[in-house]
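Okay, structure first, notes after.
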Amino acid sequence: MRKWLLLAVALAVLLAGWRPAPKEPEGLGLVRVLGVDGAGPVTLTAVCGGDDQGDQDRGWYTGEDFAQALEGLPWSGQKELSLTSVSYIIVGRDVELKEILLAVLRNEELGASATVWLAEEGAVELLNCCYDPASGLDLLARRGIEAPTVVEALAALEHGEVLTLPLLAGDVPVLIDWEEWRGLA
C-alpha cells in the first residue's frame, strides 16, 4: 500500500510540472500584441500568435476613445479575438498614455504585466510592416531589453518620475533608441 501511495504522489508531482504549450482554441485568435494610436479617435491594432501559432490573425478597430475601440476589437478579425494573452502593448506618440494604462488595468481581459513599447512611426505602421511582432519582441526581451510593464509605467507617470520607453522601428521590430515619454502638451 505504501509503495502505491509513493508512486501516486510521484506521478502527481510529475504531472503538475507538465504543461502543454498554449494553443489557440478553434475559431479564437489569442492576441499577443496590441497597438494603440491616437488620442481620440483611438485606433487599436491586434496581432495574434507567435511562431508556434501558425497563421497570424489581425484585427483593427477605431473608436471615439480607447474603451469604445476595445469593445469593437474582438470582432474585427477573421476569427474572434481574445485579449487574455496580450504580452506587448505598442503605443504611438499621439496617445494619452496615462488614460490608456488606467483603462488596461481596469479591463478584466488585459493584463497588468504586458510590457509597453513606443513605435517611432505609430503602432499601425509598425505592426502593418511586421509579420510576427510577438516573436521579434520576444527576441528583444531574451537579449535583455526590458520594457516597463503597464503597472510600472503607470506608477512612474503617477509619481511624476521619468518614464523611458524602448523605441521601435522596422519590420522585425528593432530597438532603435530609448525615449522619455512626453505626453500631449
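Taken over the stretch 67-98, residues that are part of a strand (DSSP E or B) and under 16 Å from the mean Cα position of the chain (by Cα) amount to 6. Among the residues of the stretch 139-150, is any open to solvent by less than 50 Å² (accessible area, probe 1.4 Å) and touching a helix residue (DSSP H, G or I) at 6+ places or on another chain (Cβ under 6 Å)? Yes, the stretch 139-150 has at least one match. Taking each residue of the stretch 144-168 that is among the charged types (D, E, K, R) and looking for partners that are outside any loop (DSSP other than H, G, I, E, B) with beta-carbon atoms closer than 8 Å, six or more apart or interchain, yields E146/T115; E158/K98; E161/A155. If the condition is being surrounded by 20 or more Cβ atoms within 10 Å (Cβ to Cβ) and among the aromatic types (F, W, Y), then the stretch 105-138 contributes only W117.
Taken over the stretch 158-175, the criterion of being more than 18 Å from V33 (Cβ to Cβ), among the aliphatic types (A, V, I, L, M) and surrounded by fewer than 16 Cβ atoms within 10 Å (Cβ to Cβ) is satisfied by V162 alone. Could you please let me know if L102 is hydrophobic (A, V, I, L, M, F, W, C) and buried (at least 17 other Cβ atoms within 10 Å of the Cβ)? No; evaluated as a whole, the condition is false for this residue.
Checked against (1) at pLDDT below 90; (2) under 16 Å from G35 (Cβ atoms), E180 meets all criteria but (2).
The values are calculated or read from the model by the stated rules, or taken from the named source; none is laboratory data. Note that this is a predicted model, so its numbers are computed, not measured. So basically every Cβ, Gly included, is an ideal-geometry build from the backbone, and we count neighbours across all protein chains shown. The area values use the complete protein model at the heavy-atom level, side chains included, leaving out ligands, DNA and RNA. Shrake-Rupley method; radii C 1.70, N 1.55, O 1.52, S 1.80 Å.
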